[in-house]
Amino acid sequence: VVNEKNTMCIRDMANLVAEKIVNGKIKVVYENADKIVYAPDTELRLSSEKLRKLGWEATKDLEEMYKEAIEALYKNKV
């Protein structure tokens with residue numbers, strides 16, 4: 001399932017977690033960043049249009065989902 005409002009590359013997702021989820025307590029390090037070659041953008045756009053027609057609606061953004069997932073992981077460790 002996709003929430004079209006929250007699409008981003010993996011690098012941006014890692015930075016979101018480092019900056020907003022753990023409030024800068026960790027940082028993302030790009031080793032050999034000048035040598036990294038990325039695959040070309042395929043312009044593939046996922047859609048939840050059919051699910052919305054059935055009544056499904058995204059209720060959370062990516063930041064909120066990460067916070068809840070991490071909170072659940074810590075609760076289960078105790």
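In segment 21-78, of all residues being modelled with pLDDT under 90, among the basic types (Lys, Arg) and more than 22 Å from Val1 (Cα to Cα), the one that is most open to solvent (accessible area, probe 1.4 Å) corresponds to Lys77. Mind checking which residues of segment 1-48 are touching a helix residue (DSSP H, G or I) at 6+ places or on another chain (Cβ under 9 Å), free of Cβ contacts under 8 Å to residues at least 24 places away in the same chain and either outside any loop (DSSP other than H, G, I, E, B) or more than 20 Å from Lys67 (Cβ to Cβ) (or both)? Scanning segment 1-48 gives a single hit, Tyr30.
The values are calculated or read from the model by the stated rules, or taken from the named source; none is laboratory data. Treat the numbers as computed from the prediction; the structure is a model and nothing was measured. Counting neighbours? That spans all protein chains shown, and the Cβs are built from the backbone with ideal geometry, glycine included. Just the protein is used for accessible areas: all its heavy atoms, side chains included, with ligands, DNA and RNA removed. Shrake-Rupley method; radii C 1.70, N 1.55, O 1.52, S 1.80 Å.
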